[in-house]
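Peer 1: Before we start, here is the structure in question, set down as structure tokens.
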Amino acid sequence: MNLTSILTASFAFAFASLGMAQAQQLNMPIIQTSYTADPAPYVHGDTVYLYTTHDENNAEGFLMKDWLLYTSTDMVNWEDHGAVASLKDFKWYKGENGAWAEQVIERNGKWYMYCPIHGHGIGVLVADSPYGPFKDPLGKPLVWNKEHWYDIDPTVWIDEDGQAYMYWGNPNLYMVRLNEDMISYSGEIIEHPKVKDYQEGPWLWGRKNAKGQMKYYMAFASTCCPEGIGYAMSDHADGPWEWKGHIMNHTPQTRGNHPGIIDFKGKSYCFGLNYDVFRLETDRHAERRSVSAAEMTYNADGTIQELPYFLHCKLSQVGSFDPYRRVEAETMAWGYGLRTTRQNPSGPWNPTLFVTDIDDGEYILVKGVDFANGASRFTASCSALLYGGTMEIRIDSIGGKLIGKVDVPNTEFKYREFSTPLELVTGKHDLYFVFKAGKMQKKNLFNFDWWQMTPLRKGDVLKSLVVEEGGTGKHKAVMQEICGLPEHTVFMPQDLSAFSKKNPLPVLVWGNGACVNSPWEHFKFLNEIASQGYLVIATGFIPMEEKPYDGERSTAQQQIESIDWAIAQNTDKDSPLYGKVNTKAICAAGMSCGGLQTLHNCADKRITTYMIMNSGLFKDASIAMPGMPMPGKEQLKKIHGPIIYILGGKEDIAYENGMDDFRRIQHVPAVAINYPVGHGGTYRQPHGGEFRFPAIAWLDWQLKGSKEAAKMFQGSDCGILKRDKWTIEKNGKMK
């Protein structure tokens, strides 16, 4: 065994033992669902059209019947368009093998595919679209110079002056000048002098150097075997050619090769082929190849920097991936183990392609998905013949955060749309569709046609939780986090049909104790208020679990944002609250630090009334506490509506400050009530405990005009005194 054989066998054994996670860390082939070779990339607009040959799944030697197309706008996620042409398109050829390395180029709105048919020359197909259908305009080969290896691997370039050139050949290099119709040529076939290290697979292109001079390049598969990617340069498209070196040197991993070179979105790329996907399965050799790509760099003098082998090259995403459109499931950066096929592949041609051969544990990776401000739902079209399976939607890794899940049952092989809400994810992430089986069936779980995400809109519910069965009021409430109102929690009746312009929802805006940026201590209390027919907006993140929030502190401004949002909903025709909010009945309230935030905002003329709970302005204005608003007592003069202080008795650390506030307020109706439970109040008790009764009564009186509720505070024998342990004081403005 020679050194090359030893290296090849050693590499193959090590490669076959790689796990999928390790394989993904390398620059693996860009297509895994089919065996592809002979890459022919073409840039048109913002898209790369990658045409390839196709090694059949059972190929041992070269078994090639059709030509495939893949497209990408970011160089890492590729959409499979299946076979866009085949040997059957050449009626003059009766064989079933020999669809070798083609190239496609566009001119004057037509797409020309130059196809070598091994042993039968080079034919040409024409289409009005890059996707086909391609048709044979000649009914014979365009060129048929010599048998077998000589007439293979055409490459076409249209120069600045409009002259088109076609090169081809193994082991010699041939050229003709194509006419403008691109399906005929003028003059004789020219055989170029032997270029050093040239074997086959020429690729012609031109580019201007730093001085604005046009330079021409010829990349090629360098002398077999193994083949590298060599290149030559010239000052003219028709040569002569001077060998310059290697874009990628001979390596044991390549065996054969075939280059394709493009510039795309400010970067240069070299495409080639290898056996790396097949080596994930076995250490033996068969002609089942795969296309790879790598970023390529030019030197200042126009020469090209040599690349390492593809696995160790760089291939970065350019741009990002938009999930808010219909995405064909066969669009992916990685899908090893999966296959793509058309509906009824043995019947009439059908453009519908889908992912199949889905087994337990396999997955699709889509790189760099831009969720922007978040997605609300995921919809997929799938079909299953037997037991079906589950599609887990994860981000950042195979075992990454689960943001949604779709169960696909038996659909009797009919496609159905399945939809699921998604947990909020913002920004750019890698997206994984991980396929899981049930107990009965581990292979061929279902087919996957397309998917789409729905972007969040203002007003969409991000998270939702029903607390204590919706509260004790007649309007069962729900706690929600809503898109367009970050860092706030909204409580409202689940059924809004009872509310209208004639019966609108009054509003309570709430600030939390300790300036915590979540109402985790107060959600039972606030939910109970909402169940009485109120729109309650609390500062901070929604508490999906009853545990302390540990994060940044809230600000007084968030309470103003709550008022702004409530008023905006009333005029937003897309909001469920449209025409249902009483913008003239707003209570600003808060506990402890939240009470100080309320007093900080008290001058806002949109506020109708106030509830200051376990709070009051500090008597000593020199005291400063981090994160707390600390206005002086003069702030009380800015209060312009009725106000109630609900305190926890003399054991409440805010008692002296709160009662001092109350005694200073003489210009608006004010009341102070105390219940001897200390500073913590009763908010965390079921339905908010005892504090809910005076709070709801105050709101019903001040915001709904309830005379019955007013009795809780009016008169010498007011209702609050009939409740155990409560005390009350009122100023001269109170009736």
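Peer 1: Which net charge results when you count Lys and Arg as +1 and Asp and Glu as -1 among the other residues whose beta-carbon is under 9 Å from that of residue 380? Don't skip to the end; give the middle numbers.
Peer 2: Working: positive: none; negative: 417, 449.
Net charge around residue 380: -2.
Peer 1: Then there is this: Work out how much length residue 138 to residue 316 would gain on full extension: take 0.36 nm times their residue separation and subtract the Cα-Cα distance, in nm to one decimal.
Peer 2: On the way: separation 178, 0.36 × 178 = 64.08 nm, distance 4.14 nm.
Here the segment from residue 138 to residue 316 would lengthen by 59.9 nm.
Peer 1: Relative contact order for the chain: what percent, with Cα pairs under 8 Å and sequence separation of 6 or more?
Peer 2: On the way: 1955 pairs, mean separation 55.9, N = 735.
Averaging sequence separation for qualifying contacts and normalising by length gives 8 percent for the chain.
Peer 1: With a 1.4 Å probe and every protein chain kept in, tell me what percent of the accessible surface of the chain is carbon plus sulfur.
Peer 2: On the way: 15040 of 30260 Å².
Heavy-atom surface of the chain belonging to carbon and sulfur, 1.4 Å probe: 50 percent.
Peer 1: Among (1) 1.35; (2) 1.11; (3) 1.07, which one is Cα Rg over 2.2 N^0.38 Å computed from these coordinates?
Peer 2: Calculated Cα Rg over 2.2 N^0.38 Å: the matching label is (1).
Peer 1: Tell me which residues come under 5 Å, amide H to amide H, from residue 132 once H is placed; ignore anything under 5 positions away on its chain.
Peer 2: Result for residue 132 returns nothing.
Peer 1: Suppose only helical runs count, i.e. DSSP H with n ≥ 4. What mean residue ellipticity at 222 nm does that imply for the chain under -39500 (n - 2.57) per run, divided by all residues and rounded to the nearest 500 deg cm²/dmol?
Peer 2: On the way: 9 runs with 82 residues, N = 735.
Roughly -3000 deg cm²/dmol at 222 nm, from the helical runs in the chain.
Peer 1: Something else: Distance between Cα centroids, the stretch 436-476 to the stretch 592-668: provide it in whole Å.
Peer 2: About 43 Å separates the Cα centre of the stretch 436-476 from the one of the stretch 592-668.
Peer 1: Let me check against my output: what whole-number percent is the relative contact order of the stretch 103-227, with C-alpha pairs under 8 Å and at least 6 apart? Kindly include the intermediate steps, with their values, before the conclusion.
Peer 2: Working: 279 pairs, mean separation 20.3, N = 125.
Value for the stretch 103-227: 16 percent.
Peer 1: Name every cysteine in the chain that ends up alone, with no second cysteine's Cβ under 4.7 Å, or say none.
Peer 2: Among the cysteines of the chain, those whose Cβ sits 4.7 Å or more from every other are 115, 270, 313, 382, 483, 587, 602, 718.
Peer 1: Under the Karplus relation 6.51 cos²θ - 1.76 cosθ + 1.60, θ = phi - 60°, what is the ordered set of whole-Hz ³J(HN,Hα) values for the stretch 261-270, x standing for Gly and Pro?
Peer 2: 10, 9, 10, 8, 6, x, 10, 10, 9, 10
Peer 1: So, one more: Rounded to the nearest 0.05, what FRET efficiency do residue 469 and residue 402 have when you use their Cβ-Cβ distance and R0 = 22 Å? Before the final figure, lay out the partial values.
Peer 2: Working: r = 28 Å, r/R0 = 1.27.
The computed FRET efficiency comes out at 0.20.
Peer 1: Could you work out how much longer the chain between residue 723 and residue 352 gets when fully extended? Use 0.36 nm per residue separation minus the Cα distance between them, nm to one decimal.
Peer 2: On the way: separation 371, 0.36 × 371 = 133.56 nm, distance 7.22 nm.
Taking residue 723 through residue 352 to full extension adds about 126.3 nm, to one decimal.
Peer 1: State in Å² the accessible area per residue of the chain; use a 1.4 Å probe, count heavy atoms of protein chains only, and round to the nearest integer. Before the final figure, lay out the partial values.
Peer 2: Numbers: 30260 Å² over 735 residues.
Result: 41 Å² per residue.
Peer 1: Sequence-distant or interchain residues sharing an amide H contact under 5 Å with residue 450, placed H: which?
Peer 2: 329, 381
Peer 1: Provide the net charge surrounding residue 485, with neighbours chosen by a C-beta distance below 10 Å and charges set as Lys +1, Arg +1, Asp -1, Glu -1.
Peer 2: After counting each charged neighbour, the total is -3.
Peer 1: Further, regarding this structure: If you average the alpha carbon positions of the stretch 511-569 and of the stretch 110-133, how far apart do those two centres end up, in angstrom?
Peer 2: If we compute the Cα centre of each part, the gap is 65 Å.
Peer 1: Which trypsin sites (Lys or Arg not before Pro) in the stretch 287-328 sit in a loop by DSSP (not H, G, I, E or B) and have at most 16 other Cβ atoms within 10 Å of their own Cβ?
Peer 2: Details: sites: 288, 289, 314, 325, 326; in loops: 288, 289, 314, 325, 326.
The qualifying sites are 314, 325, 326.
Peer 1: Follow-up. Hey, can you grab everything whose amide H is under 5 Å from the amide H of residue 184? Only 5+ residues off in sequence or another chain; H modelled, so Pro and N-termini drop out.
Peer 2: Here 179 satisfy the definition.
Peer 1: Within 11 Å, Cβ to Cβ, of residue 249, how many net charges do the neighbouring residues add up to if Lys/Arg are +1 and Asp/Glu are -1?
Peer 2: Working: positive: none; negative: 197, 227, 306.
Once positives and negatives cancel, what remains is -3.
Peer 1: On a C-alpha basis, how far is the centre of the stretch 202-281 from the centre of the stretch 38-73 in Å? Whole number, if you could?
Peer 2: One Cα centre to the other: 17 Å.
Peer 1: Let me ask something else about it. ³J(HN,Hα) across the stretch 708-719 via Karplus (A = 6.51, B = -1.76, C = 1.60, θ = phi - 60°), whole Hz, x for Gly/Pro?
Peer 2: 5, 5, 4, 5, 4, 10, 8, x, 6, 10, 5, x
Peer 1: Given charges of +1 on the Cβ of Lys and Arg and -1 on the Cβ of Asp and Glu, with all other atoms neutral, how large is the dipole of the stretch 594-735 about its Cα centre, in debye to the nearest 20? Mind showing how you got there, number by number?
Peer 2: On the way: 20 positive and 14 negative charges, 97 e Å.
The calculation lands at about 460 debye.
Peer 1: Something else about it: What lysines could a cross-link reach from residue 547, if we take a straight Cα to Cα line under 19 Å and drop same-chain neighbours fewer than 8 places away?
Peer 2: The qualifying lysines are 463, 524.
Peer 1: Then there is this: Residue-wise, which Karplus ³J(HN,Hα) couplings in Hz belong to the stretch 313-324, taking 6.51 cos²θ - 1.76 cosθ + 1.60, θ = phi - 60°, and x for glycine or proline?
Peer 2: My calculation for the stretch 313-324 gives 8, 9, 8, 9, 6, 10, x, 9, 10, 8, x, 9 Hz in order.
The values are calculated or read from the model by the stated rules, or taken from the named source; none is laboratory data. Because the structure is predicted, anything quoted here is derived from the model rather than measured. Cβ atoms come from the backbone with ideal geometry, glycine included; neighbour counts cover every protein chain shown. For accessibility, only protein heavy atoms count, side chains too; no ligands or nucleic acids. Shrake-Rupley method; radii C 1.70, N 1.55, O 1.52, S 1.80 Å.
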